[in-house]
Amino acid sequence: MNVSVQTFSPPVMRSSLPISEDLVFEIFSRLPSKAIARCRCISKLLASMLVRQDFTESFLTKSCARPQLLFAFQYDSEVVFFSSPQPENPEENSYVVAPSQLACFPSSHRLFYTNTPTGGFFCYVVERIFEGMKDSEYVPVICNPSTGQSLNLPTLKSSKRFGVESYLGYDPVSKEFKVLSMETSFVSGQYISVKHQVLTLGTEKLSWRMVECCIPHNSSRKWICISGVLYYTARAGNWSSMVVCFDLNSEKFTFVNFMKASGKEMHGSTTLINNNGKLGLLMSEDTSSDYICGASKSLELWVLRDAGKNEWSEHVYVLPPSWEDVVSEYMRISGMVGTNEIVLAPLFQNVPPYVIYYNVERKTIRKVGIQVMEGLQVKRFYTFVNYVEDVKFL
């Protein structure tokens, strides 16, 4: 009796895909960022392709062409993110499409008070106080709501107990993300920032290095990164309202005296925006109010034309008579879409079922509902405009 013996060879792992890399990139660049994060776990080959700089930059380029609304709220011990397409010309009382849930992260009381996303990333600081320890520990955290990735940076120690501010920026020249951090101290009867430090992401060993700052100032939590420069509002001595500019490439500070140029102080309603590649300060005309309400008469936009010469241009947007009928509660400026639509969201409402679009050219007001979120009961709700998904791996 003849017995036929069949042998089996172990499967051969492919070292390449059966289609071209260009086609692979084109296919994957059309997927949502959550799908990209999952695909990186399928195989080492896919993972190596989907973290390459040429792919992540291609994905970001496509994402910038379709900016989104981003919503964040604290629920129990987590912060939950949702995103929705940003309506270009919202009709009155229309609803945006149902928001899709992104990632969740451990909550922090300082997480999203006035933070602005840099690209697709957020930066916040977690304070740790351990029993028996004299000093507090502050851990800056970078998180990506789209992919769910988070990165704890090296600990910053402070004996002052007044906190640490951290700002995340992107340098388009070196194509690097950098974090600027500073400690708050109480000196001669005033709060000032000290120990300015910078950390570059993507290096083999993450470490802080000191940078020199020549003007003591009290930093704030209002900041934005535009074209490789970190801008944040601050106060210092006779400069009651100023903008600090930190060039991420040269790692040098410059300062702009807003009070001197405008004759007025910045106040709580001020929001920093990107106005065609230049810094814009959007605020209520009422310097005594920290928020926008139905009684507000106009909004002001100050655009920094030349930081070296402290030159600003002022734009005043008078609100129409219908404003008082539409706005029935305190509002916060979320930002500006393009150069003509200001977006506002309710301040105190637990979950705002809407945002307001005010078109400064047509003088029109539109309420846009957030369809799925009306039944949610949460403590705090934050709205961000012009959010773009970024799949860079930190």
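Going by accessible area, probe 1.4 Å, with all protein chains left in place, what is the ranking of W312, W302, largest first? Don't jump to the answer; show the numbers that get you there.
Numbers: W312 40, W302 20 Å².
Per-residue accessible area, sorted high to low, gives W312, W302.
Please list E361, E285, E137 from largest to smallest accessible area, probe radius 1.4 Å, with all protein chains kept in place. Could you put the intermediate results ahead of the total?
Values: E361 130, E285 55, E137 30 Å².
The ranking, largest first, comes out as E361, E285, E137.
What are the equivalent ellipsoid semi-axes of region 203-252, built from the alpha-carbon gyration tensor (square roots of five times its eigenvalues), in whole angstrom, biggest first?
Numbers: eigenvalues 103, 36, 20 Å².
Here the semi-axes work out to 23, 13, 10 Å.
Filter the cross-link list K175/K367; K195/K392; K260/K392; K260/K297; K309/K367; K367/K392 down to pairs whose alpha-carbon distance in this structure exceeds 32 Å. The partial results should precede the final answer.
Values: K175/K367 38 Å; K195/K392 29 Å; K260/K392 41 Å; K260/K297 24 Å; K309/K367 40 Å; K367/K392 34 Å.
Cα-Cα > 32 Å for K175/K367; K260/K392; K309/K367; K367/K392; rest within.
Can you tell me which aspartates and glutamates have their Cα less than 18 Å from the Cα of K278? Leave out same-chain residues fewer than eight positions away.
D171, D247, E300, D306, E311, E314, E341
Would you list, by chain and number, the aspartates and glutamates whose Cα falls below 17 Å from the Cα of K44, excluding same-chain residues fewer than 8 positions away?
E21
Can you give me the long-range amide H partners of G294? Hydrogens built in the peptide plane at 1.01 Å from N, cutoff under 5 Å, separation of 5 or more residues or another chain.
E329
Using a 1.4 angstrom probe on the protein heavy atoms only, line up W208, W223 by accessible area, largest first.
Values: W208 45, W223 5 Å².
So the residues, ranked largest to smallest area, are W208, W223.
Kirkwood hydrodynamic radius, computed over distinct alpha-carbon pairs, for region 232-314: how many Å, to one decimal?
Working: mean 1/r = 0.0746 Å⁻¹.
When all Cα pairs of region 232-314 are included, the Kirkwood radius is 13.4 Å.
The values are calculated or read from the model by the stated rules, or taken from the named source; none is laboratory data. In this text, all values refer to a predicted model and were calculated from it rather than measured experimentally. Keep in mind that these areas ignore ligands, DNA and RNA; they rest on the heavy atoms of the full protein, side chains included. Shrake-Rupley method; radii C 1.70, N 1.55, O 1.52, S 1.80 Å.
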